[in-house]
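What follows is a single structure, written as C-alpha cells, with notes after it.
The values are calculated or read from the model by the stated rules, or taken from the named source; none is laboratory data. These figures come from a predicted structure and were not determined experimentally. Don't worry about glycine lacking a Cβ; one is built from the backbone with ideal geometry, like all the others, and counts go over all protein chains shown. The protein model used for the area step is the full one, side chains on, heavy atoms only, and it has no ligands, DNA or RNA in it. Shrake-Rupley method; radii C 1.70, N 1.55, O 1.52, S 1.80 Å.
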Amino acid sequence: MQTLRFFREQGLLFPRRLRTGQNKGDLLSAAPHHARVLQVLHNPRYAGAFAYGRTRIRHRPDGGTSVVKVAKADWQFVMPGMHQGYIDWERFEVNQRRLADNAGAFGGERRSGPAREGPALLQGRVVCGLCGERMGVRYSQGSTVPTYLCQANAVRRGTDLPNGSWEDRRCGDRRPDDRADDADDAGRHP
C-alpha cells in the first residue's frame, strides 16, 4: 500500500495494455492500481530474471479455459541475472517472503485478523456490507471507542473516498462492540 501511495503522490504512471474494445492492444499510461503494483512486484523480470512456467492453462469441462498460477518451486525455468533488474535476485526473494506474509492478513482465505492494540472486540472480524472486505479499526483522538471503517478504497486505489473521508463506509449507528457485549452478557445471564 505504501508503494502505491508513493506512486500516486509522485504522479507516476504505469503502462497498461488495453485488452478489449476498439483500441485493443494499444499501450497507454495510467495511474497504478493495487493489483497492478502487486503484479509487478511478483514478476521475476523486476529482478532481472527469466522465468517460464509461472502459469498453466486448465481446460474446464464446459470447453472454456482458465489460467492457474503455479507455485515457484514448480516453475519450469528460472534464470536469475539474465538482464539488469531493478533489484537483485536476493532482494526479490526477500520481498516475495514479505509479500506472502502480508497477504495472510488480506486474502479471501483469511477468516479473521490478528488482534492488535486497543479495546475493540471485533477487530479483524467485521466485514463491510457494501464490498465484503474486512473493516479496519480507528479511534478518535483521545478516545478508546472504536469505529470500524472500510479501507478497500485505500488499499486498491491508494485513495480515500471521493469526499476525502471514511465516514461513508462506517459501521452502523449502534456499535458492533456493544452488540458483542450484549450477546456475551445474554450467554452468561439466562
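For the pair R17 and D101, a Förster radius of 22 Å applied to the C-beta separation gives a FRET efficiency near 0.10, rounded to the nearest 0.05. Here each label is just a point 7 Å from Cα along the line to Cβ, and for V40 and L28 those points are 1.8 nm apart. Model label sites at Q10 and W75, defined 7 Å from Cα along the beta-carbon direction, differ in position by 2.4 nm. Of I57, I87, the residue with the largest accessible area leads and the full order is I57, I87 (1.4 Å probe).
A cut-off under 15 angstrom between Cβ atoms defines the neighbours of P44, and their net charge, with Lys, Arg +1 and Asp, Glu -1, is +2.
Evaluated with a Cβ-only charge set (Lys, Arg +1; Asp, Glu -1), the stretch 11-65 carries a dipole of roughly 140 debye about its Cα centre, given to the nearest 20.
For the stretch 53-108, the square roots a ≥ b ≥ c of the C-alpha gyration tensor eigenvalues yield an a/c of 1.5 or more together with a/b not exceeding b/c, which makes the shape oblate.
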